[in-house]
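A.B. asks: The structure follows.
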Amino acid sequence: MEKKHILHSGMFNDTLRRWNSSNCTLNPHNLMYPVFLIEEDDVIQPIASMPGVSRFGVNKLKTHLEPLIVKGLSSILLFGVIDKLPKDANGTNADSQKNPVILALPKLKEWFPTLTIACDVCLCPYSDHGHCGLLHEDGTINNGPSIKRIAEIALNYAKAGAHVVAPSDMMDGRIGAIKNALIANNLGNKVAVLSYAVKFASSFYGPFRDAACSKPSFGDRKCYQLPPNSTGLAMRAAERDVHEGADMLMVKPVLAYLDLLRQVKDAFPHHPMFVYQVSGEYAMLYHGAKAGAFDLQVAVMEVLHSCRRAGADVIISYYTPQVLDWIE
Ligand code: PBG
Ligand code: ZN
């Protein structure tokens, strides 16, 4: 037998296994924790479609985050969810003075000075039609006004204190529009843009749309989110957003798109790569483990390591609180 084909001698204890995996470690700074923020400051609402995940009012979020930060949590991704505030065609309450994200940012920054705070920027949780852009009368996306409005919302989150703005709408030109708005307002060097660059029209977003109350009232998102079987559009989307000045790139979801995560990382090795383990993937692992198909911790860690192996620098995961314990 050729000696180079003898493998077991390299993996018979933990240290040897670590030596063979040192380019694929998982540390707290490799995790970003998505959180849903509601209008009522002292309320926690469990989300039925995502068992173990809740929406938080800002005071409850404080209590929830404190121990996680002690365990090394370094970044969160904020999603505002409104229930009492009205929704309209323009998504007025995405950045009004009553928006929960706008109100929470100064408090979170004061409570947690070491925490990097990213804000999802989109119209779907705030528009009455539930789509991610502004619409023509026939229901199609009106791109020009959409990116103008999205840039305005991003700028208002930036002014309220966001370190990172993360547009998830998938409109053409939004990254450039946001960058221009930030630079024009002297925030170009204080706020980073994390682009949901390679975001597919996926069946795995279902539980999130319940969580964020952002289901489209008609139609679907296939005319602006990417077709799952198109590598070409995926690579062009990454190229488009790099060209427009994105600081960081994302592929979303994870498991059905690991090939594209690797291809985008290889094509743009100088941009930090994010990957989003989305709500349906969270639920799938939760229910699989609950049904006895596998152990939750082992399965989640296996998936997270696959993300790192495929090229992710940061993984956005609802499992972050548990993972911080598992890797402690
Ligand atoms: C809204 C948005 C979605 C997600 C993040 N931002 C849903 C969608 O595009 O329909 C999905 C996140 C998840 O499923 O966990 N633009
Ligand atoms: Zn949206």
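The values are calculated or read from the model by the stated rules, or taken from the named source; none is laboratory data. Keep in mind that what you see is a predicted model, and the values were worked out from it rather than measured. Cβ: placed from backbone, ideal geometry, glycine included. Neighbour counts: every protein chain shown. Side chains included, ligands, DNA and RNA excluded: accessible areas come from the protein's heavy atoms. Shrake-Rupley method; radii C 1.70, N 1.55, O 1.52, S 1.80 Å.
A.B. asks: Quick check on my filter: what residues within segment 177-187 are closer than 24 Å to K98 by Cβ and surrounded by 19 or more Cβ atoms within 10 Å (Cβ to Cβ)?
C.D. replies: I178, A181, L182
A.B. asks: So which residues in segment 237-264 are in a loop (DSSP other than H, G, I, E, B) and surrounded by fewer than 24 Cβ atoms within 10 Å (Cβ to Cβ)?
C.D. replies: Answer for segment 237-264, where residues must be in a loop (DSSP other than H, G, I, E, B) and surrounded by fewer than 24 Cβ atoms within 10 Å (Cβ to Cβ): E244, G245, D247, P253, V254.
A.B. asks: In this structure, does G161 turn out to be closer than 23 Å to L103 by Cα, crowded, with 18+ Cβ neighbours inside 10 Å, of a type outside the set (A, V, I, L, M) and modelled with pLDDT of 95 or more?
C.D. replies: yes
A.B. asks: Just one of the numbered conditions (1) of a type outside the set (S, T, N, Q); (2) more than 16 Å from ligand 2 (Cβ to nearest atom); (3) free of Cβ contacts under 8 Å to residues at least 60 places away in the same chain is not true of L226; which one?
C.D. replies: Looking at each condition in turn, L226 falls short on (2).
A.B. asks: Only residues in segment 206-218 that are touching a residue at least 40 places away in the same chain (Cβ under 8 Å) and near ligand 2 (Cβ under 10 Å from one of its atoms) count as the first member; pair them with residues that are not in a loop (DSSP other than H, G, I, E, B) and not small (G, A, S), Cβ under 7 angstrom, at least 6 apart or cross-chain, and list the lot.
C.D. replies: Once the first residue is touching a residue at least 40 places away in the same chain (Cβ under 8 Å) and near ligand 2 (Cβ under 10 Å from one of its atoms) and sits in segment 206-218, its partners that are not in a loop (DSSP other than H, G, I, E, B) and not small (G, A, S) give A212/F36; A212/F79.
A.B. asks: If you don't mind, another one. Give R221, R174, R209 a once-over and let me know the one that is closer than 20 Å to F268 by Cα and either surrounded by fewer than 24 Cβ atoms within 10 Å (Cβ to Cβ) or touching a helix residue (DSSP H, G or I) at 6+ places or on another chain (Cβ under 6 Å) (or both). Working first, answer last.
C.D. replies: On the way: R221 fails: closer than 20 Å to F268 by Cα; R209 fails: closer than 20 Å to F268 by Cα.
One residue alone meets the criteria, R174.
A.B. asks: Restricting attention to segment 96-104, does a residue exist that is away from ligand 2 (no atom under 16 Å from the Cβ), out of contact with any Cys (no Cβ under 8 Å at 6 or more places or on another chain), open to solvent by 30 Å² or more (accessible area, probe 1.4 Å) and of a type in the set (S, T, Y)?
C.D. replies: No: segment 96-104 contains no residue that is away from ligand 2 (no atom under 16 Å from the Cβ), out of contact with any Cys (no Cβ under 8 Å at 6 or more places or on another chain), open to solvent by 30 Å² or more (accessible area, probe 1.4 Å) and of a type in the set (S, T, Y).
A.B. asks: Further question on the same structure: Being of a type outside the set (A, V, I, L, M, F, W, C) and in contact (Cβ under 8 Å) with a residue 60 or more places away in the chain is the filter; apply it to segment 65-76 and report the residue that is least open to solvent (accessible area, probe 1.4 Å).
C.D. replies: Result: S75.
A.B. asks: For residues that are over 22 Å from K109 (Cβ atoms) and of a type in the set (G, A, S), scanning just segment 169-185, find the one that is farthest from ligand 2 (Cβ to nearest atom).
C.D. replies: A184
A.B. asks: Among the residues of segment 77-99 satisfying the criterion of being within 16 Å of ligand 1 (Cβ to nearest atom) and in a helix (DSSP H, G or I), which is farthest from H29 (Cα to Cα)?
C.D. replies: Initial filter on segment 77-99 (within 16 Å of ligand 1 (Cβ to nearest atom)): 77-82, 87, 91, 93-95, 99.
Still in the running and in a helix (DSSP H, G or I): 93-94.
Details: N93: 32, A94: 29 Å.
Here the answer is N93.
A.B. asks: Also, I was wondering about something else. Output the qualifying pairs, or none if there are none: Cβ atoms under 9 angstrom, residues six or more apart or on different chains, first residue in segment 273-291 and more than 21 Å from S168 (Cβ to Cβ), second residue of a type in the set (G, A, S) and open to solvent by 10 Å² or more (accessible area, probe 1.4 Å).
C.D. replies: That search, which allows pairs on different chains as well, returns L285/A299; Y286/G52; H287/A293; G288/A299; A289/A299.
A.B. asks: Scan segment 21-52 for residues that are loosely packed, with under 12 Cβ neighbours inside 10 Å and out of contact with any strand residue (DSSP E or B) (no Cβ under 9 Å at 6 or more places or on another chain) and jot them down.
C.D. replies: Residues satisfying the conditions are S22, N23, T25, N27, D42, A48.
A.B. asks: Continuing with this model, one more query. Hey, can you tell me all the residues within segment 265-303 that are aromatic (F, W, Y), in a helix (DSSP H, G or I) and open to solvent by less than 30 Å² (accessible area, probe 1.4 Å)?
C.D. replies: Within segment 265-303, Y282 is the sole residue that qualifies.
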